[in-house]
1. Answer yes or no as to whether residue 16 is of a type in the set (Lys, Arg) and within 19 Å of the chain's Cα centre (by Cα).
2. Taking the options 147, 170, name whichever one is open to solvent by 50 Å² or more (accessible area, probe 1.4 Å), of a type in the set (A, V, I, L, M, F, W, C) and within 24 Å of residue 30 (Cα to Cα).
3. So in the stretch 121-146, with the set limited to residues that are in a strand (DSSP E or B) and within 25 Å of residue 172 (Cβ to Cβ), which one is nearest to the chain's Cα centre (by Cα)?
4. Which condition number in (1) over 22 Å from residue 47 (Cα atoms); (2) in contact with a Phe, Trp or Tyr (Cβ under 6 Å, 6 or more places away or on another chain) is the one that residue 117 fails?
5. Would you please list the contacts, defined by Cβ atoms under 6 Å and residues six or more apart or on different chains, that run from a residue in the stretch 60-89 that is of a type in the set (S, T, N, Q) to a residue that is part of a strand (DSSP E or B) and open to solvent by less than 60 Å² (accessible area, probe 1.4 Å)?
6. Residues in the stretch 94-107: is at least one touching a Cys at 6+ places or on another chain (Cβ under 9 Å), touching a residue at least 24 places away in the same chain (Cβ under 8 Å) and of a type in the set (Gly, Ala, Ser)?
7. Consider residue 180 carefully, then state whether it is open to solvent by 50 Å² or more (accessible area, probe 1.4 Å) and touching a residue at least 60 places away in the same chain (Cβ under 8 Å).
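The values are calculated or read from the model by the stated rules, or taken from the named source; none is laboratory data. Model, not experiment: these values are computed from the prediction. Neighbour counts run over all protein chains shown; Cβ positions are idealised from the backbone, glycine included. What goes into the accessible areas is simple: the full protein's heavy atoms, side chains included, and nothing from ligands, DNA or RNA. Shrake-Rupley method; radii C 1.70, N 1.55, O 1.52, S 1.80 Å.
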Amino acid sequence: MTRLFPSPDPLTRLCRLPAAERAARGLLHTPEEIARQPAAWRATAEAMARRLDELAELVQPAASILLVGAGSSYYAARCLEAPLVRALGRPVRAVPSTELIMDPELHLPEGPFLLVSLGRSGQSPEGHAAFRLAEELRPGRVLHLVLTCNPDGELARLARTTGQPAVLCLLPPEACDEGLAMTCSF
């Protein structure tokens, strides 16, 4: 016998648990963040689409693109690497920010390049160090694109105060994850 109203799917059931039970089970934020992914991703795509001309202008003078992040932000960078090579027809590399700061001469291009800094919170010290090293070691050759959820984070501040061309893209508030795992912000 089929039910007229089937029981909710497992994700919906987790989202409906009382906050205290979700917290006790280590699920305080993540189920709701997963559930809001479709809406958050649409809002992010729409926000980025409105800035395509600005982004194209930033990318145009860059001979290559370096995508930098830590942890899940690095994995997001890796997901962008191949599609960007195909779309832009120029070298694109994803590098963990920790590797970049350990050996910047190995990773920082010599010619004009776009440093894309990805950071959910914008508060990772290695992300800040990568940003600063690029400016220090490649003065006048680095352009910046910062993607973050946190308008008050250090990465956002660096993007606003650099003397180099920079674009700060803040993800919509609904994309800002509070749980350990990146879900919406990824």
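1. no
2. One residue alone meets the criteria, 170.
3. For the stretch 121-146, the residue satisfying everything is 146.
4. (1)
5. Going by the 6 Å Cβ cut-off, the qualifying pairs are 64/113; 73/118; 73/119.
6. Checked against the condition, which is being touching a Cys at 6+ places or on another chain (Cβ under 9 Å), touching a residue at least 24 places away in the same chain (Cβ under 8 Å) and of a type in the set (Gly, Ala, Ser), the stretch 94-107 yields at least one hit.
7. yes
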